[in-house]
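The structure appears below as structure tokens.
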Amino acid sequence: MSGTQVMLVGSGALAGLGGFLLLRAVLVVEQPQLSEALARLDGRAVHTPVAQQAAGDQWARVAGRAGVWIGVRLSGAGLRVPGQALALIGWTPEGYAARKVGLAAFGAVFVPLLTAVLGLAGLRLPVVVPVAGSLALALVLFFVVDLVVRDQAAEARGQMRRAVCSYLDLVSLRRDASEGPTIALERAAALGNGWVFRRITEALVAARLAGQPPWDGLRRLAADTGVGELTDVADIAAVAAQEGASIAPTLRARAQSLRVQLLAEDEATANTASEKLTAPVALLSIAFLLLFLYPALARLMAS
């Protein structure tokens with residue numbers, strides 16, 4: 001078997017393996033462990049964020065124990081895992097490590113395969129080109145995961161802060177109906193259908209099952225997600241429970257101030273985006289002007 005045939009067979013095997021893993025990740029539904037199912041029925045899994053994240057992280061499910069092994073090795077190598085951001089977007093540390101290693105491996109294999117295909121087409125490249133290209137692409141894809149985590153976490157925090165505004169209004173309405181702080185927090189969270197209200201409901205249920213006040217659950221959720229506005233809600237509810245104060249006006253005022261703050265941030269983001277468009281528009285205008293004046297300049301220079 002010639003070298004070209006070996007490359008073709010190897011490329012086909014890698015493509016088949018990739019297709020198998022992709023179909024397994026999309027189509028195969030793994031059965032839960034008996035211990036996890038019993039713990040979930042017993043209510044203990046409600047306040048285990050790792051188990052909740054693993055249920056929705058396909059990369060972690062596909063990687064399995066290999067993902068755990070990769071995560072341990074990367075942690076030992078000094079890789080800092082953004083735990084707060086991962087908890088916010090629903091990734092596990094194992095899935096995070098599997099994504100980084102998987103994309104880096106794809107980058108390392110893609111350039112040699114592309115070079116082999118070009119070689120079959122008659123285009124020969126020096127050996128240093130696929131080696132340097134594969135290392136560079138693997139390194140870039142390895143760190144692209146961090147950028148994706150940062151952007152998705154920032155977007156999720158923005159969505160969460162906007163949902164907290166509505167949550168504050170709902171809690172204030174419940175307090176106007178003479179409901180206690182605990183009942184108001186739980187019933188207001190049950191009214192929402194988005195993922196933010198589900199996270200708030202899970203935090204409140206976990207606190208109740210642990211025998212703790214609901215504002216402690218909100219504080220833990222604020223610490224896990226980095227959304228400090230939830231801490232404000234917890235502090236206001238704790239004051240109402242301890243001192244019996246009327247907190248509905250305070251909740252509405254906090255919701256209004258948060259809306260004003262979010263609106264100001266949106267305006268600043270829009271202004272920044274508009275400023276970024278100034279340079280491309282100026283370049284397009286210059287290019288159009290040069291294209292418009294080129295015939296006259298060409299005739300002037302030819303005469």
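Since every read-out is calculated from the coordinates, none of them should be taken as a lab result. All values derive from a computational prediction rather than experimental measurement. Cβ coordinates were reconstructed from backbone atoms using ideal geometry, including for glycine residues, and neighbour counts include every protein chain displayed.
Before moving on, here are some points about what is shown:
- Annotation: extensible slack from residue 144 through residue 178 equals 7.2 nm (criterion: 0.36 nm per residue apart, minus Cα-Cα distance).
- Estimated inter-spin distance, residue 264 and residue 151, nm [label 7 Å along Cα→Cβ]: 2.8
- Other residues within the sphere of radius under 12 Å centred on the Cβ of residue 180, judged by their own Cβ, net out at +1 (K and R +1, D and E -1).
- Phi-derived couplings, Karplus 6.51 cos²θ - 1.76 cosθ + 1.60 at θ = phi - 60°, listed residue by residue for segment 88-103: 6, 9, x, 9, 9, x, 5, x, 4, 5, 5, 5, 5, 5, x, 5 Hz, with x used for Gly and Pro.
- Extreme residue, positive dipole direction of segment 159-266, given options 159, 180, 240 (C-beta unit charges): 159
- Neighbourhood charge, 12 Å Cβ-Cβ cut-off, centred on residue 251 and excluding it, Lys, Arg +1 and Asp, Glu -1: -1
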